[in-house]
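A short reminder: the numbers here are calculations on the coordinates, not readings from a lab. Treat the numbers as computed from the prediction; the structure is a model and nothing was measured. Glycine gets a Cβ as well: all are built from the backbone with ideal geometry, and neighbour counts include every protein chain shown.
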Amino acid sequence: MPAQKSDMRPLSNTEQGYGLVAVLLHWGMALLLCGLIGLGLYMVWLPDVGFDQEKILLILVHKAIGMAALAGALLRLGWRACNALPALAASLPQEQQVAARFVHLVFYALMIALPMTGWLMSSAGGYPVPLFDGFSLPDLTGLNEDHFQLYIAVHRWLGYALLMLLVLHAGAALHHHLVRGDDTLRRMWPRG
């Protein structure tokens, strides 16, 4: 009786493809980042005058999700360091392979830099970064209005950069799937 091929991915990465853990971390982070970007863009349009209750609540939710995203990014980085990095599609020209690897590294940098600048911003502004039921992260810096304003600007522009990179990444994945017809996008689906 011939062995049947399983549709399930292995847990760990192989040279040929991503494992289930990497795929789930990828999509989990994608959801967190899209939620954070959407929430961040909405909060930018809310007035700062008087800081109404809605904006305060949204900022607290944004901070908590941002810290979850930082933990997720560190987990992804650790998983990537302990697992094989699958080869890119063989049909991909060398310059596109370099660009793809570069974009992934920039993603990791932004996934760490954004929550860190948010934490620095909160610390410089004297605002806590609550995690759960009365526990807040320690301040990374002392009160400093100039630094607070600087971190706000840096955090905002890094958020815009992440948004542009997400659009580029999704567009490239769709291009590979719909135009080139290779397996780049399928490699990130939970079922192999």
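Give me the dipole magnitude in Debye, nearest 20, for the range 20-188 about the Cα centre, with unit charges on the beta carbon: positive for Lys and Arg, negative for Asp and Glu. Working shown, then result.
On the way: 9 positive and 10 negative charges, 132 e Å.
With only Lys, Arg, Asp and Glu charged at Cβ, the dipole is about 640 debye.
Cut-off 10 angstrom, C-alpha nodes, Gaussian network model of the chain. Which of GLY35, GLY66, GLY171 fluctuates the most?
Comparing GLY35, GLY66, GLY171 in the GNM, the peak value goes to GLY171.
Using 0.36 nm per residue of separation minus the Cα-Cα distance, give me the extension gain between ASP146 and HIS26 in nm, one decimal. Can you show the working numbers first?
Values: separation 120, 0.36 × 120 = 43.20 nm, distance 3.58 nm.
Between ASP146 and HIS26, full extension yields 39.6 nm more.
Given LEU33, GLY126, LEU58, which one lies farthest toward the positive end of the charge dipole of the range 20-188, if we put +1 on the Cβ of every Lys and Arg and -1 on the Cβ of every Asp and Glu?
With unit charges placed on the Cβ atoms, the residue in question is LEU33.
Report the far tail of the P(r) of the range 95-134, meaning the percent of Cα-Cα pairs longer than 17 Å. Don't skip to the answer; put the middle values down first.
Values: 399 of 780 pairs.
The calculated P(r) of the range 95-134 puts 51 percent of pairs beyond 17 Å.
Based solely on C-alpha atoms, express the radius of gyration and the Dmax of the range 1-147 in angstrom.
19.8, 73
Mind listing the long-range amide H neighbours of LEU131? Cut-off is under 5 Å, sequence gap 5 or more, other chains count too, H placed in the peptide plane at 1.01 Å from N.
When sequence neighbours closer than 5 places are left aside, the close amide H contacts are SER136, LEU137.
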